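Q: Quick one: the structure is below, questions incoming.
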Amino acid sequence: METVALIAIAVFLFTYALIIDERIHRAVAAMLGAAIVVFIGIVPWEALLQHVDFGTIFLLLGMMIIVNTARGSGLFEYIAIKTAKLANGSPIRVLILFALVTALVSAFLDNVTTVLLLTPMLLYVARVMKLNPIPFLVTEIFASNIGGAATLIGDPPNIMIASSAGLTFNEFLIHLGPIMAIDMAILIGMMYLIYGRSMKVSPDERKEMVRTLNGLDERAAIVDRALFKKSVAVIAFVVVLFFIHDRIGEILHIVLPFVDPTMGLEPAEVALIGAAILLFWSRQSPEEIFEKIEWPALFFFGGLFVIVGALVETGVIASIASVMVENVSSTGEAMFIVTWFAAIASAIVDNIPLTAAMIPLIHDLGTTMDVYPLWWALALGACLGGNGTAIGASANVVVIGIAEREGIGITFIDFLKVGMLVLFVTVAVGFGMLWMMFVV
Amino acid sequence: MGYSSSLIQRKFKDIVGRRYEAVLKDYSEFLLTDEEMLVPEVRSILMPLDIFVHDITDEAIEVLSAYNATISLAYITDAGVIELLEQALNHASTEEFRAKKEEEGRELLERTAAKLKEHGFSTQTRMFVGHKGDDVVRIAKNHDMVALCRRYADGESTDVSVSPIVLRICQRVETPALIY
């Protein structure tokens, strides 16, 4: 192997180690790794622009603007209070409703924001019910990862896969939506079996809980009614646009004949259009909103794309792909390997660098086999693999981090026991369904 | 703190930044704190009455019904007024006035006790001549809460302000006070 290839591998592994340990901020680690491969000329400027997936970065950017603008209206607090009240004092209903709401919101908005805003409410409800909050919190984590896996915009691995493979929002919904719906039902059943017994409350406690929660006024959570309505309208518009983004030209051509009927919009364009409309309509200060954008996350992605680009430029990815091609005889076999490798690896390490590294590998496999099913295998494994451990996905870290700050300890081992069970069951079910779609 | 715990906190800090503090601040606007969530144990409630208190509002009854407490109704005739009358009029006239006030007080006590009983409260009644402010503060020490009508010890004014005696009682009592 050439020296440059060895350096590219060393930089990738070194960066990966820094990301796992997180003593240095992940964005800084990724930028440092990128700086090394750029500095020694492994990734020249022209190649750098090719390797950085601006589709992913702009999609994340657009959605961050929409979410941060909408947040100021109290929309998420409103959803949280409404969900808590709907449960009507039943712990099981709290578990199910919060799981469903988390999954639904995570499917369309980013998981971190979703759990960041729902977890304090969930902790409050558990405190009112005088119940151990851990079952509710772990269910929320799993629901967030499963819900996020259902759509193109739900989880960063899906965004990266869609942007690189040119997959549409509806393709994600058709292939992964039903899998995640079934996985959600299985998850709720599993959580009920595991934790159901510990969720009993006396009629008096239930009455007290209903009284306390009914005392909460969800309308009081709306700090800006006009912004609330505009945020809901724009989010709904963006979601509709995602459904039709690949055939927007056809629709626009009917009312605007000069529009090319073959035109389609990239998901990133949809997000940025939505962001522009919301900023214009809401008259929110752009300085304040732009300050809230999670720039470290965007630089983290940018750095990772360059580091993985170094592996592509030096032929490391092509070598791994050729080894795989030699040893894998069918698409079904490749699907099995990709799904389970991505799932187990995502449980141990961050699924974002893993997906970044797997994408060019799957592209290279495309020279010898049909890789279309492999994109779904990768999305399934990378997203659901995050359920395996406490550090498997950002949502896990956020919920467990909040719990620790509130004095509730969810140990690594405790989470691992339930997480691995959920991982294996949900991935196995998902893999089975993909197998039926593409192999049988 | 173990390695996994410190690792999660490092990752949490990097992923969330200062956003969590902002979220908590937003929630604190409308969620009760642990302290606020604790319903204080209230077994007896002192409810002073006088000629200016005509009724107990339904809102007050609703709040009081949250506690399974005995309500002590105390009708107080102002000792200062009796003293003034004794100085200005003869003893017989003063006694006549006093008897009339006691009759009014008894009626009010009976009416109020009946209304409270209708709502499932157990009640005790007492009537005496005393100082409407000082005596309430003194008796309140033996109760877990004081419920004060804002017209108590005031006058027949029609404005919505709270009587100065009620405000003084609130400043001096150590038990929680409810003004209705």
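Q: Mind listing just one residue for me: the one in the stretch B:10-54 that is surrounded by fewer than 13 Cβ atoms within 10 Å (Cβ to Cβ), of a type in the set (D, E) and farther than 29 Å from A:T114 by Cβ and, of those, farthest from the chain's Cα centre (by Cα)?
A: Step by step, filter the stretch B:10-54, then rank; the result is B:E35.
Q: Given A:L104, A:L131, which one is in contact with a Gly (Cβ under 7 Å, 6 or more places away or on another chain) and surrounded by fewer than 23 Cβ atoms within 10 Å (Cβ to Cβ)?
A: Just a single option satisfies the conditions, and that option is A:L104.
Q: I would also like to ask the following. Can you name the residue in the stretch A:165-208 that is among the aliphatic types (A, V, I, L, M) and part of a loop (DSSP other than H, G, I, E, B) and, of all such residues, is farthest from A:N88 (Cα to Cα)?
A: The qualifying residue farthest from A:N88 (Cα to Cα) is A:L167.
Q: Residue by residue through the stretch A:54-89, note down the ones that are part of a helix (DSSP H, G or I) and more than 24 Å from A:P267 (Cα to Cα).
A: Within the stretch A:54-89, A:E77, A:Y78, A:I79, A:A80, A:I81, A:K82, A:T83, A:A84, A:K85, A:L86 qualify.
Q: How many residues are free of Cβ contacts under 8 Å to residues at least 12 places away in the same chain and touching a Cys at 6+ places or on another chain (Cβ under 9 Å) if we restrict to the stretch A:340-388?
A: So the count comes out to 0.
Q: Step by step: first the residues of the stretch A:20-62, then only those that are free of Cβ contacts under 8 Å to residues at least 12 places away in the same chain and aromatic (F, W, Y), then the one that is nearest to the other protein chains (Cβ to nearest Cβ). Which residue is that?
A: Result: A:F39.
Q: Search the stretch B:102-122 for residues that are outside any helix (DSSP H, G or I) and pair each with any residue that is modelled with pLDDT under 90 when their beta-carbon atoms are under 7 Å apart and the residues are at least 6 apart or on different chains.
A: Close Cβ pairs (under 7 Å, with a partner that is modelled with pLDDT under 90) amount to B:H119/B:I61; B:H119/B:S65.
Q: Could I ask something else about it? If I filter the stretch A:282-305 down to residues being within 11 Å of chain B (Cβ to nearest Cβ) and surrounded by 21 or more Cβ atoms within 10 Å (Cβ to Cβ), which single residue comes out as nearest to the chain's Cα centre (by Cα)?
A: Of everything passing the filter in the stretch A:282-305, A:A297 is nearest to the chain's Cα centre (by Cα).
Q: Follow-up question, since we're still on this one. Which ones in the stretch A:410-432 are in contact with an Asp or Glu (Cβ under 9 Å, 6 or more places away or on another chain) and either surrounded by fewer than 23 Cβ atoms within 10 Å (Cβ to Cβ) or at pLDDT below 95 (or both)?
A: A:I410, A:V425, A:V429
Q: Please work out which one of (1) touching a residue at least 60 places away in the same chain (Cβ under 8 Å); (2) more than 14 Å from chain B (Cβ to nearest Cβ); (3) among the small types (G, A, S); (4) surrounded by fewer than 22 Cβ atoms within 10 Å (Cβ to Cβ) is the condition A:G72 fails and give its number.
A: (2)
Q: Given the conditions (1) exposed (fewer than 13 other Cβ atoms within 10 Å of the Cβ); (2) touching a Phe, Trp or Tyr at 6+ places or on another chain (Cβ under 8 Å); (3) not in a helix (DSSP H, G or I), and given that B:I71 satisfies all but one, which numbered condition is not satisfied?
A: If we test B:I71 against (1) exposed (fewer than 13 other Cβ atoms within 10 Å of the Cβ); (2) touching a Phe, Trp or Tyr at 6+ places or on another chain (Cβ under 8 Å); (3) not in a helix (DSSP H, G or I), just (1) comes out false.
Q: Additional query: Consider A:M369 carefully, then state whether it is part of a loop (DSSP other than H, G, I, E, B), more than 14 Å from chain B (Cβ to nearest Cβ), touching a helix residue (DSSP H, G or I) at 6+ places or on another chain (Cβ under 9 Å) and crowded, with 16+ Cβ neighbours inside 10 Å.
A: Considered against the rule, which asks whether it is part of a loop (DSSP other than H, G, I, E, B), more than 14 Å from chain B (Cβ to nearest Cβ), touching a helix residue (DSSP H, G or I) at 6+ places or on another chain (Cβ under 9 Å) and crowded, with 16+ Cβ neighbours inside 10 Å, A:M369 comes out as yes.
Q: Sort out which residues of the stretch A:393-407 are more than 7 Å from chain B (Cβ to nearest Cβ) and in contact (Cβ under 8 Å) with a residue 24 or more places away in the chain, and write them in order of number.
A: A:A393, A:A395, A:N396, A:V399, A:A403, A:E406
Q: I'd like to know if the stretch A:154-164 contains one or more residues that are outside any helix (DSSP H, G or I), surrounded by 24 or more Cβ atoms within 10 Å (Cβ to Cβ) and not basic (K, R).
A: yes
Q: Give me the residue from the stretch A:209-224 that is assigned to a helix (DSSP H, G or I) and either at the interface with chain B (Cβ under 8 Å from one of its Cβ atoms) or polar (S, T, N, Q) (or both) and, out of that set, nearest to the chain's Cα centre (by Cα).
A: The qualifying residue nearest to the chain's Cα centre (by Cα) is A:A221.
Results for (1) under 17 Å from the mean Cα position of the chain (by Cα); (2) in contact (Cβ under 8 Å) with a residue 40 or more places away in the chain, shown as yes or no for each residue.
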residue: A:R93; (1), (2): no, no
residue: A:A103; (1), (2): yes, yes
residue: A:V112; (1), (2): yes, yes
residue: A:L117; (1), (2): yes, yes
residue: A:L123; (1), (2): no, yes
residue: A:R127; (1), (2): no, no
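Q: Output the qualifying pairs, or none if there are none: Cβ atoms under 7 angstrom, residues six or more apart or on different chains, first residue in the stretch B:1-26 and within 7 Å of another protein chain (Cβ to nearest Cβ) and at negative phi, second residue among the polar types (S, T, N, Q) and buried (at least 18 other Cβ atoms within 10 Å of the Cβ).
A: Final answer for the pair search is B:I15/A:S394.
The values are calculated or read from the model by the stated rules, or taken from the named source; none is laboratory data. Source: prediction; values computed, not measured. We place every Cβ from the backbone using ideal geometry, glycine too, and count neighbours over all the protein chains shown.
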